[in-house]
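Remarks on the structure that follows.
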Amino acid sequence: MNEIEFRKQCAIDPNSEDERFVEAMQDSELHKIREEYLDFDAQLKDAMRLQSDFDPESLKLIPQEMDEEHAKEESSWFKSALRPAYSIAASFVAAMVVVFGLLLQPEPALSESMMDHLYDHMEVTHIRTKFPQQKLRPLLDEYGIRISEVLTERMRHASKCELENLTSLHIVFDGESGPVTLFFMPGAEVDRASMMGREQFHGILFQHGDGAVGIIGVMDEQLLPLKDEVEASLVPLTPKEA
């Protein structure tokens, strides 16, 4: 079983007892990939448990000893203050992205910086022309990487940027549901993969080789398949190429 097949099986069922899958797990790198998928499953279950335990009705309780007039004032205040909370809870049930928004974020500053940069430079997500290969090659050489043709054929923008005092490669390419923004930060380290989200976008930040990678897409974009594609497409230069 090759890495792509292994990743697909992890996405379907990371606890599969398929002989080829179990045998492939003996490889330390593939075993690490499976652990990452299991970690995502655990985070998702925790987030869903937190939501199921939330009881907005309990927040309406007003101390019995309050006099009637004060109780009415408090009731009105609570209803007004909790209106946004009810809206958030409803959105949570309606959209999986809100679940992802509750997941642990070990690198919040970097995640926020990526989202800020995306919104500050939203115009590049609307570019529809293919990014010139003659401009792309020098950028990739500078960052010591190569990107597969499968991805470069869908690439619309590439440039350098600064994120949290880190120099990053900023790329935009076509996803399944809309433009996808990719940030590659060589030398950066993240402890674990984490999710992020803001308004109509959600993303994932993860370690890839000697650097960190952030992927941000529209809400309908499937992040884990994108993560797999980027990991397979973004490779370091060989000594000969360097």
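Fewest-first ordering of SER111, SER233, SER148 by other beta carbons within 10 Å of each residue's beta carbon gives SER148, SER233, SER111. Cβ crowding within 10 Å ranks MET25, MET114, MET196, MET219 as MET219, MET25, MET196, MET114, fewest other Cβ atoms first.
Fewest-first ordering of TYR37, TYR119 by other beta carbons within 10 Å of each residue's beta carbon gives TYR119, TYR37. Among residues other than THR167 whose Cβ falls under 14 Å from its Cβ, what is the net charge (Lys/Arg +1, Asp/Glu -1)? Net charge in that neighbourhood comes out at -3. From the alpha carbon centroid of region 127-145 to that of region 163-242 is 16 Å. Other residues within the sphere of radius under 12 Å centred on the Cβ of SER28, judged by their own Cβ, net out at -1 (K and R +1, D and E -1).
For GLN200 and SER28, what is the calculated FRET efficiency with R₀ set at 45 Å and r taken between the beta-carbons, to the nearest 0.05? Kindly include the intermediate steps, with their values, before the conclusion.
Numbers: r = 39 Å, r/R0 = 0.86.
The value I calculate is 0.70.
If you take every residue apart from LEU136 with its C-beta less than 14 Å away from the C-beta of LEU136, what net charge results, scoring Lys and Arg +1 and Asp and Glu -1? Show your work: numbers first, answer last.
Details: positive: LYS130, LYS135, ARG137, ARG146, ARG154, ARG156, LYS160; negative: ASP141, GLU142, GLU149, GLU153.
Net local charge, LEU136 excluded: +3.
Where a number appears in this text, it was derived from the coordinates with a stated rule and is not lab data. Keep in mind it's a predicted model, so treat the numbers as computed, not measured. Note that we place each Cβ from the backbone using ideal geometry, even for glycine, and neighbour counts take in every protein chain shown.
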